[in-house]
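Readers should treat all values here as calculations from the given coordinates under stated rules, not as data from a laboratory. Keep in mind that what you see is a predicted model, and the values were worked out from it rather than measured. Cβ atoms come from the backbone with ideal geometry, glycine included; neighbour counts cover every protein chain shown.
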Amino acid sequence: MKIIINSSSMVPIYEQIMEQIKAQIVSGKLKENDVLPSVRTLAKEQKISALTVKKAYDNLEQEGFTVTVHGKGTYVAAANTERMKEEQRREVEMDLEKAVQKGRSCGLKDEEIRELFDLIMED
């Protein structure tokens, strides 16, 4: 399992870990019953606090993405991929709405905002 931490990001490290694990579950790279690295192993690999990894794993379990068996490890739970995709879609919609609002607050007209979206989508 590959996790890349951006230490200069404003997103907390535990959230970066969570989002990357969720993305791997949704894409099928991580499947039901796959074992995640131990808290200590991932903390050592990433050179971060074990408490940060523990927080990420605890939140993933709380959201239903993983199951932790004491003394055995953390496993990917049976995933409702449709629900996860819908949640991701809502997040993207919210981000796009924020971008539109920011464009309008900067004085851009809707047509100018559409042109920007078109330009971005060409890549």
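Could you please report the charge total around GLU87, scoring K, R as +1 and D, E as -1 over all other residues with beta-carbon less than 14 angstrom from its beta-carbon? All intermediate terms of the calculation are to be shown ahead of the outcome.
Working: positive: LYS22, ARG83, LYS85, ARG89, ARG90; negative: GLU19, GLU63, GLU82, GLU86, GLU91, GLU93, ASP95.
Overall, the nearby charge balance is -2.
For the chain, go through all pairs of different Cα atoms, get the mean of 1/r, take its inverse, and jot down that Kirkwood value in Å.
Roughly 16.5 Å, rounded to one decimal.
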